[in-house]
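To start, the structure under review is shown below, and the notes come after it.
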Amino acid sequence: MIKFTQVNSKSWKMENNGKEFQLDLVTSSITNKFFIITDYIERLSNHHGEDFDKWFIDLFENYKNNKENRYQLLDNNTDKIKSFVNTYLDDMNFDYDRFVDESKATKSTIMFYAEDIRMIINLSCYLKIYVLFSNTEDMSLPSFLHMRIYNKLAKEILGSDVIFKIFNIIKTKTFRYNLTDKAMWNYIKVVECKTIESHVIEIFNFITNSILVLCKEDNNPIAYFVGVVDESVKWFLRSVYKGSMIYEDSVATEDIHTLSTDNLNTYVYNDTLGRLKGIAYSKIYNMLEEETSLKFSSRDGEDEEIVQFQNRVLDIEHISPLCECLVFPILSKITNIPYNHFKTLSAEHSAVLSVYTNILLNLVFKNNYKNLFFLLDYYPSVIPSLTTTYTIKNVHRYLHIHQKFKNFHGFVEKIIPYNIISHYIGRITRVGFYHIIDGTKLIGIPLSKTENDAIDFFNKFFAGQFEEEFSKMKRIMEMDF
């Protein structure tokens, strides 16, 4: 039988047939109640016996010792995880009907049926096995691979309306507080720059990532979720006002249609762009450290370069026209964030995303279009002009490239792309540029080469010729996440 022993608050010991494994846990809400996980694994071990023990210990040992194949090991064993859990729950024959009282349901009730609760408990138990890997130091997968395993385990529930019911419960309970504490939420929106909609999303993420796994097989998970929502709102409001508040304790189940799809999408877009900004800064800092280590023998020189970069990028006032015509359309393509949302970004945010986009482009396109792409590492010293009288000089090249593809977003059109590319190049040539990373001024733009690259790139871009390249950029970006 598999046996767990707690060593300290963040460390456990797992034993089976003379084999012993140390589990050093990460700091999380799951770690605080890890005994729920260990108790469940021990029950599974006691129920299934040697079959489960041998499978799980072999999987854990192989996973721990083979860093390169960890995702594949888990991916190949998700069906086995489900099989052991489903068999155990079927044998236990828990009565989930006792948590359902349809006689009290109204038209506005968010109703969870026995089958809905069964799916929640099933997923919770799948995750109890998976969390031994994901919540242990040096064993967790990168976030994008973690989500693939999570989604595979959650396939049944994701194909139903249960997730939407959970979200609606969180939304309803949170907005119930808004009815009685509206002044507080207005104050928080102004002072903390946090809306009630964003709080709903945070709690939903917290429940699905950290609370769902802690549900007990014979308890009502919905009551548990409601309690978490209540406590989160009380704690948040108390933390803002530093006072003691008393709140109504009743559970409201009326559906409140206040959280719009636009608000939800905006939160997701902002979260993605915020994480992308952090990745861009990390890449730039790595570049700075590599470059300055060649120039300075001491750490002080490197730190000074980084501080100068930080001051420079924070002082950027104007967004490069390259962002509007190149960076934003490409990032919109590979992130599925609408182009108009990028136009709300600050000059600083746009500049670091421009550098990051150039890194992705160079990895995929190699030396192609280098006379156009290198400008992505620069920012304008003055506000770029909105209009230009510039026209393409190499008309012969433009007509040759256009004739080759004859496609402007599905239309055979010469004049519109000609005017657009002329506008792009004209705006670029009338700007004084400074390097984002080292601050050096750009002395002259190789206009004819830049024009040729722009003609080639944008004609192919408008014709949809870069789908393969953008897919590669997207995969690289996901790896960075």
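Conditions (1) assigned by TED's automatic domain parsing to the domain that holds D230; (2) at pLDDT below 70, marked per residue:
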position	(1), (2)
E254	yes, yes
Y269	no, no
R299	no, yes
E324	no, no
H349	no, no
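Restricting I319, I222 to residues that are under 30 Å from S422 (Cα atoms), modelled with pLDDT of 55 or more, surrounded by 14 or more Cβ atoms within 10 Å (Cβ to Cβ) and β-branched (V, I, T) narrows the list to I319.
Of all residue pairs spaced 6 or more apart or on separate chains, those with beta-carbon atoms under 9 Å, a first member in region 18-30 that is in the same structural domain as M139 (by TED's automatic domain parsing) and a second member that is assigned to a loop (DSSP other than H, G, I, E, B) and hydrophobic (A, V, I, L, M, F, W, C) are L23/M139. How many residues are out of contact with any helix residue (DSSP H, G or I) (no Cβ under 8 Å at 6 or more places or on another chain) and either of a type outside the set (S, T, Y) or surrounded by 17 or more Cβ atoms within 10 Å (Cβ to Cβ) (or both) if we restrict to region 17-38? Summing the residues that are out of contact with any helix residue (DSSP H, G or I) (no Cβ under 8 Å at 6 or more places or on another chain) and either of a type outside the set (S, T, Y) or surrounded by 17 or more Cβ atoms within 10 Å (Cβ to Cβ) (or both) in region 17-38 gives 10.
Screening the candidates I436, I425, I392, I443 for the property of being surrounded by 14 or more Cβ atoms within 10 Å (Cβ to Cβ), without any contact (Cβ under 8 Å) to a residue 60 or more places away in the chain and of a type in the set (V, I, T) yields one hit, I425.
When N135 is tested against (1) out of contact with any helix residue (DSSP H, G or I) (no Cβ under 6 Å at 6 or more places or on another chain); (2) closer than 27 Å to R475 by Cα, only condition (1) is not met.
For region 44-102, the set of residues classified as in contact (Cβ under 8 Å) with a residue 60 or more places away in the chain and among the β-branched types (V, I, T) consists of T78, I81, listed by residue number. When the test is whether a residue is surrounded by 13 or more Cβ atoms within 10 Å (Cβ to Cβ) and within 19 Å of E50 (Cα to Cα), V85 passes it. Out of Y434, Y356, Y418, one residue alone is assigned to a helix (DSSP H, G or I), hydroxyl-bearing (S, T, Y) and modelled with pLDDT of 90 or more. It is Y356. Selection of region 462-476 for residues being modelled with pLDDT under 90 and crowded, with 19+ Cβ neighbours inside 10 Å yields only F462.
This table checks each residue for (1) surrounded by 15 or more Cβ atoms within 10 Å (Cβ to Cβ); (2) in contact with a strand residue (DSSP E or B) (Cβ under 6 Å, 6 or more places away or on another chain); (3) among the aliphatic types (A, V, I, L, M); (4) assigned to a helix (DSSP H, G or I).
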position	(1), (2), (3), (4)
M1	no, no, yes, no
E15	no, yes, no, no
Y40	yes, no, no, yes
N46	no, no, no, yes
W55	yes, no, no, yes
F60	yes, no, no, yes
Q72	no, no, no, yes
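Of all the residues in region 119-171, those that are surrounded by fewer than 17 Cβ atoms within 10 Å (Cβ to Cβ), aromatic (F, W, Y) and in contact (Cβ under 8 Å) with a residue 60 or more places away in the chain number 1.
The values are calculated or read from the model by the stated rules, or taken from the named source; none is laboratory data. Every value quoted in this text rests on a predicted model; they were computed, and no experiment measured them. Neighbour counts are summed over all protein chains in view; Cβ atoms, including those assigned to glycine, are modelled from backbone coordinates with ideal geometry.
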